[in-house]
Every structure is written in C-alpha cells, then in structure tokens.
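What follows is a single structure, written as structure tokens, with notes after it.
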Amino acid sequence: MGADRVDARAAELAAALVRDELRGLPAYHVAYPDRITTKLDANELPFPLPPELAAELARDLAAVELNRYPDAGHGELRAEIGSGLGVAPETLVCGNGSDEIIGLLINCFARPRPGRTRAKVAYPVPSFAVFGGAALAAGCEKVEIPLEEDFTLDGERLERALAEAQPNIVFFARPNNPTGTLWPARQAAAVARAHPDMLVVSDEAYAAFAGDSMIGMTAELPNLLVMQTLSKTGLAGLRIGYVHGAPALLAEVDKVRMPYNIGALNQRAALWILRHCRPLLAERCAQVVRERGRLAAAMAGMPALRAFPSEANLILFRVGDPGDGRATRVWQALCRRGVLVRLFDHPGPLAGCLRVTIGSAEENDRFLSALADALAA
Ligand SMILES: Cc1ncc(COP(=O)(O)O)c(C=O)c1O
C-alpha cells in the first residue's frame, strides 16, 4: 500500500473508531514563535537551579538505576511531600503533573447518577482548559458556570448551577488560571458542606503565590480533595503533581493510575530538590510575589489597559475593547520585541485579554517597556 493510501485508510479508521465526544476537541498545542528572548507565557518560575546545586543534583541522579522500573507507589516522594504539608503519605497520590491528577479524578469518579447516562463535571469559566478537556475525554458532560465580569464567583449563581446539574465533581482553581482570582476557601468549603454527595476539588497549582490552601480542611470535609503541583514553584520540567484527601477516595484513584506514571529520574530529582532546596524555592516564590506587585502597579498606570487583581504568578489584562483586535496586535508587537505572553483574544469573556507570567526583575522590565511601546504604536 502506498503512503497516501495508508494515510487515507488511517483517517477512515480514526473517523470510524474515535469517540464522538473527542471529534471537536483540539489537542493542546503550545505556540512558540521565533526569536523569543523573554518567555512569559506558561506560568513557570523564571529561575533555574543555581549551577552548583544543579551539579550536585546531577551526581545524585547518576546513581539511579535506569534498567529498573521506578517506585510505582512513589513512597519516598509522598513521604517527603507529606512532611512539607504536614499530612500523612497515605493521604496523597502523585501524578505526572497535576494535569494527570485531573484526568484520574474524572476517570475514577465518573459513575453516572441514577437515571443518567453520563456523569457531569462542573467548574467556573473562564478557568483552566484541562478541566473541560479531561471531562470530555472521559465521556462526561461539562457544566460550565460563568464567572462575573470581574471574574469573581457569584455564590447564588454557583449554587443554582450545582443544585440543578448535580455534578459528580466540581473543580475550583484557587487561585484561578488565567484570571489570577482567588475565590475564597470558605466558598468552596460551603459547597462541600451543602453537597456531601459531590466531590469538591480545590486545585491549588498557584498556592505558593497566594498563601492560601484548603489542605487543613480535608480532616472535617470527607468530600474535599486538594490538588497541588511542583510545577509552578520552579520544577515544571519534572511533571509532578499530587492530590490530598481521604485515603478511601484515593485508594480508588490509585486504581486508574498507570503503575509507573512518574519516571525514576523525576522522582529522584524531586526528592533531592525538596530535601535540599525548599527554602530557596520558597524565597524565589516570595520574590515573584514582590515582582507581581511592582508589575501590577506599573500596569495600572498604562492607558487603555485593565489589569485584573491576581494572587497567582500571572496577571491577566485587557487592552482596547473586546472584538477590536487590539490585543492580538499588542501580542504580535510584543513577539516582535522578543517577549512572549499568552493571548486569549477570542470571542467570550476573555476577548481582548492577554496573560503575562511574572518573570525575573529583568524580564519584567523588558515586558513593561515592550508593552509601553506596543500600546503607544
Ligand atoms: C489551575 C491549574 N491546574 C493545574 C495545572 C497543571 O499543572 P501541572 O500539570 O504542571 O502540575 C495548571 C497549569 O498551568 C493550572 O493552571
């Protein structure tokens, strides 16, 4: 069979076999234009490990036996993460990034309620795109609860939506991505109390920049799960996230987790860094919080720009009016100056919006001066 024929046959097969709910779903692609020198698009921490620590880490990693499978249950890693959080290892499950954890939770707790053919997964919008994608991929129905114009979460609207939809799971990204809003813990806890038959997930990927976590509330709320990640605190390349909650729930989650979901090098590197560098990572997050204040103050003085308050390592801002294309032109102008931020200029609540990740002081200076030029053009 020629290559064209093979391609055509494969496309027929995909059309015949792929699940209906996946047909309209885009894959997650990350645009990376040429000549970018200031990368502020992915909510990463801007600082790599100092060279002397990186060299020590490399020596430690050399001892890993790559011919062996990794620890399937991440025992040492869970103990180390647990000791930092003050929780028992049995109350943690680790994933290949918290992206994987989102998928595991949805896959695991997707039993349709009586009389329904599909389970529902709820989350406010706009929020992290993976909630919706993972729900569809698992054959669940999405329940999207619109935020207010300033991206706060209206309690009555939320309650009406949950009472009507009766989802199996509701996700709250606290702080939220891409808006940076921190919806109060008491709001999520009130949902957990009002709906004991629903799982409430506090996705705390950005907790290090907000100083706020619901970890201490799982002891009294059996339906509360708290997700966190090492990604935003300087270790995005390791892909390590975790969920904390009642062991009875997590034992089920462990059944859908692939046995060797985190590679041996990643587990060992995370362990070494957590054991040796916690104060360094914490100081760097504090530095990002200080820079966030400086950036927000500078942006507040810029014409035709509205920056939204943020408790994460990012600032969402709107330029011009929704639909006038200005945000896209500003994004292009920033790219020409080597600065990459995330563009959200499509119809909907984020029209006209861009999101900048807080970088190092030098990166933030480059961003501010490129933004001032772009807005003046
Ligand atoms: C709200 C939220 N949750 C989870 C994640 C996933 O993080 P990771 O898979 O890197 O742990 C992100 C990443 O941007 C996020 O913004």
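Quick look at the values:
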quantity: Selected residue (criterion: nearest to the ligand (Cβ to nearest atom)) from residues of the stretch 199-226 that are surrounded by 24 or more Cβ atoms within 10 Å (Cβ to Cβ), among the aliphatic types (A, V, I, L, M) and touching a residue at least 60 places away in the same chain (Cβ under 8 Å); calculated: A205
quantity: Residue check, L371 over 21 Å from T181 (Cα atoms) and surrounded by 21 or more Cβ atoms within 10 Å (Cβ to Cβ); calculated: yes
quantity: Residue match in the stretch 150-157 (condition: modelled with pLDDT of 95 or more, of a type outside the set (K, R), more than 24 Å from V243 (Cβ to Cβ) and in contact with a Ser or Thr (Cβ under 6 Å, 6 or more places away or on another chain)); calculated: yes
quantity: Criterion violated by V87 - all others in (1) touching a Lys or Arg at 6+ places or on another chain (Cβ under 8 Å); (2) farther than 26 Å from E21 by Cβ satisfied; calculated: (1)
quantity: Those residues of the stretch 319-351 which are among the small types (G, A, S) and loosely packed, with under 15 Cβ neighbours inside 10 Å, in sequence order; calculated: G323, G325, G348
quantity: Pair list, Cβ < 7 Å and 6+ apart or interchain, from the stretch 64-93 residues that are farther than 25 Å from D212 by Cβ to residues that are in a loop (DSSP other than H, G, I, E, B); calculated: Y69/Y260; P70/Y260; P70/I262; P70/G263; A72/P259; A72/Y260; H74/I262
quantity: So A173, is it within 21 Å of the chain's Cα centre (by Cα) and away from the ligand (no atom under 16 Å from the Cβ); calculated: no
quantity: Residue among A129, A135, A122 that is surrounded by fewer than 15 Cβ atoms within 10 Å (Cβ to Cβ), within 16 Å of the ligand (Cβ to nearest atom) and over 20 Å from S213 (Cα atoms); calculated: A129
quantity: The one condition in (1) surrounded by fewer than 19 Cβ atoms within 10 Å (Cβ to Cβ); (2) in contact with a strand residue (DSSP E or B) (Cβ under 6 Å, 6 or more places away or on another chain); (3) of a type in the set (A, V, I, L, M, F, W, C) that L316 fails to fulfil; calculated: (1)
quantity: Unmet criterion (only one of (1) assigned to a helix (DSSP H, G or I); (2) within 16 Å of the ligand (Cβ to nearest atom); (3) in contact with a Cys (Cβ under 9 Å, 6 or more places away or on another chain)) for K255; calculated: (2)
quantity: Among residues of the stretch 227-249, those that are hydrophobic (A, V, I, L, M, F, W, C), assigned to a loop (DSSP other than H, G, I, E, B) and within 12 Å of the ligand (Cβ to nearest atom), counted; calculated: 2
quantity: Verdict on L316 being touching a Gly at 6+ places or on another chain (Cβ under 8 Å) and among the aliphatic types (A, V, I, L, M); calculated: yes
quantity: Yes/no for A163 being within 16 Å of the ligand (Cβ to nearest atom) and surrounded by fewer than 15 Cβ atoms within 10 Å (Cβ to Cβ); calculated: no
quantity: Residue in the stretch 38-82 that is nearest to L238 (Cα to Cα), counting only those that are charged (D, E, K, R) and within 16 Å of the ligand (Cβ to nearest atom); calculated: E44
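Condition check ((1) touching a Gly at 6+ places or on another chain (Cβ under 9 Å); (2) under 21 Å from V191 (Cβ atoms)) across all residues:
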{"site": "E80", "(1), (2)": "no, no"}
{"site": "G95", "(1), (2)": "yes, no"}
{"site": "V130", "(1), (2)": "yes, yes"}
{"site": "L136", "(1), (2)": "yes, no"}
{"site": "F151", "(1), (2)": "yes, yes"}
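The values are calculated or read from the model by the stated rules, or taken from the named source; none is laboratory data. Just so it is clear, the model here is predicted, and its values are computed rather than measured. With ideal geometry, Cβ positions are generated from the backbone for all residues, glycine too; neighbour counts draw on all protein chains shown.
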